[in-house]
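The values are calculated or read from the model by the stated rules, or taken from the named source; none is laboratory data. Just so it is clear, the structure is predicted and the values come from calculations on it, not from any experiment. Glycine gets a Cβ as well: all are built from the backbone with ideal geometry, and neighbour counts include every protein chain shown.
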Amino acid sequence: MTTPVPKLRLLPGRRPDDGDGEDAAPRLDDTRLLAAIRAGDPHAATALYERSRPIVDRTVRRLLGRPDQDQQDISQQAMVEIVRSVDRYRGECPLDGWIATVAAHIVWKSLRRRKLERRLLVLDSTHEMEAPEQPARTALLRSVIRRVKGHLEAMDEARAWAFLLHDVHGYDVREMARIMETSEAAAQSRLVRARKELHERIARDPELADALTRREDES
C-alpha cells in the first residue's frame, strides 16, 4: 500500500503591495499623476517617488528575506527603473502592483547576478517562530522550513523561483512572467513542475513527511 504524501502547507503569501504597519503614501489619481509625469511636471515626479518608495522597500525586504547589505542599493535601482520605465505602464494592472512587480524584477536580477538567490529568498514565516511559549512547535517549524529550503535549493533554479514567487510571496502568473522575463505559459509550466517535483521530493524524505504530518495534526 502506498503511504499518502502529506500536503505541503505554507503560509498564505502576502501581496507585495500590502501594508505592513508602515504609513502608506496617500492615494493619488493614477491617470492625472501619470499624465503630469509624462508632461515633465517635477511635482508629479516627486509624488511618484513618495508613492513608490514604501512599496519598493517592502517588496525588496520581503524577497530578500533577511537583512542584506545591498538592500538600499537594490531599492535605489528599482526606483530608477520605475522612473525610467513609467512611460511603458499602460494601466493593465493597478499602479501599485506594477511598482511592486518592477521592484521584484530588480531583486530577481540582482540575486541571479550574485548566484545566491535561493539561499537569500526564504519562506515568509518569521512571525510564526515568535512563540517562545511553544518551543516544540517552533523547533518543528524550523525543521520543516530548513528541509523544504534544502529541497528548493536542489531544484532547477527557474522552477524554485516560480514556486517561491507564486506560492510563498503571492505573485500571480502574469507578474511572475514579468519578473522572470518569460511568457505566462512558461511561468505556469515552471510552477506546475515545481510543485510536482517538490511533492515528489517530500515523498522521498521520511523525516520531512513526518514533520509535515505532525504539523497538520497540531493545526
Search the range 46-64 for residues being among the aliphatic types (A, V, I, L, M) and modelled with pLDDT of 85 or more, and hand back the single one that is nearest to Ser85 (Cα to Cα). Leu48
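Are there any helices (runs of 4 or more DSSP H) wholly within the range 88-178 with 1 or more residues that are more than 25 Å from Gln77 (Cβ to Cβ) and modelled with pLDDT of 85 or more, and if so which?
On the way: elements: 95-114, 117-120, 135-154, 157-163.
Hits in the range 88-178: 135-154, 157-163.
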Within the range 21-45, considering residues that are over 26 Å from the mean Cα position of the chain (by Cα) and in a loop (DSSP other than H, G, I, E, B), the one modelled with the lowest pLDDT: Asp29
Is the range 75-95 home to any residue that is in contact with a helix residue (DSSP H, G or I) (Cβ under 9 Å, 6 or more places away or on another chain) and at positive phi? yes
